[in-house]
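Every number in this text was worked out from the coordinates using simple rules, so none of it is lab data. Since the model is a prediction, treat every value here as computed from it, not as a measurement. Virtual Cβ from ideal backbone geometry, glycine too; neighbours counted across all protein chains shown.
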Amino acid sequence: MEAIEKNLKIEKIIKLGFIIIFGSIMIALSAKVKIPFYPVPMTMQTFIILLIGIMFGYKIGLATVTLYLLEGIFGLPVFANSPEKGIGLAYFIGPTMGYLIGFLVAVYLAGFFKYEKGIINTFLKLTFSVSFIYILGLIWLGTLIGWDKPIFKLGAEPFLLAELFKILLLLALMPVLNKTKKLLKIT
């Protein structure tokens, strides 16, 4: 009996490790794909961040985003504009650091919330979750380049339409995501 329990624990650790590594790869890939959009091209990073939170919960979500951030800090070219604009810690502490840290808050909130209470409620929860990416991003950007600059116009406004699109896409996928989540039995 003890051997069976030990095997089940090992299987669960391997499964969770695979999910976390796969999730960090998905975040990295979503950072590299630029989709034509107005007024600026969009990546699907925030979509994947929210998706990971929804599907796997806040614990696995935090572990996944933490792994992704560590990969980038240690020099893997996983961030959106790396290696073109630098790699490693130098890139991490640049203008996008606040947004990257915001990924942790967004995945936590997206994973913490329950999504059984209708489309408006879900929309508000996802909007609240993703807003922390921009709040922390704008705070860091303002600190870095100066508060006399048009921080909101530079660091949030061009991306808001894309965020709305990604949240609406998640809303459309929510019935499938909820069914898949129940089948996976992870959270």
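Observations on the structure shown:
- Each residue in segment 159-170 was checked for being in contact with a Ser or Thr (Cβ under 9 Å, 6 or more places away or on another chain) and either more than 23 Å from residue 38 (Cα to Cα) or surrounded by fewer than 16 Cβ atoms within 10 Å (Cβ to Cβ) (or both), and 1 of them qualify.
- Residue within segment 85-98 that is within 18 Å of residue 41 (Cα to Cα) and β-branched (Val, Ile, Thr) present: yes
- Hey, residue 142 out of contact with any Ser or Thr (no Cβ under 7 Å at 6 or more places or on another chain), touching a residue at least 60 places away in the same chain (Cβ under 8 Å), of a type in the set (Gly, Ala, Ser) and surrounded by 14 or more Cβ atoms within 10 Å (Cβ to Cβ) or not: no
- Among the residues listed as 51, 69, 76, the single one being in a loop (DSSP other than H, G, I, E, B) and under 23 Å from residue 17 (Cβ atoms): 76
- Residues that are buried (at least 16 other Cβ atoms within 10 Å of the Cβ) and more than 13 Å from the chain's Cα centre (by Cα), drawn from segment 109-122: 113, 115, 122
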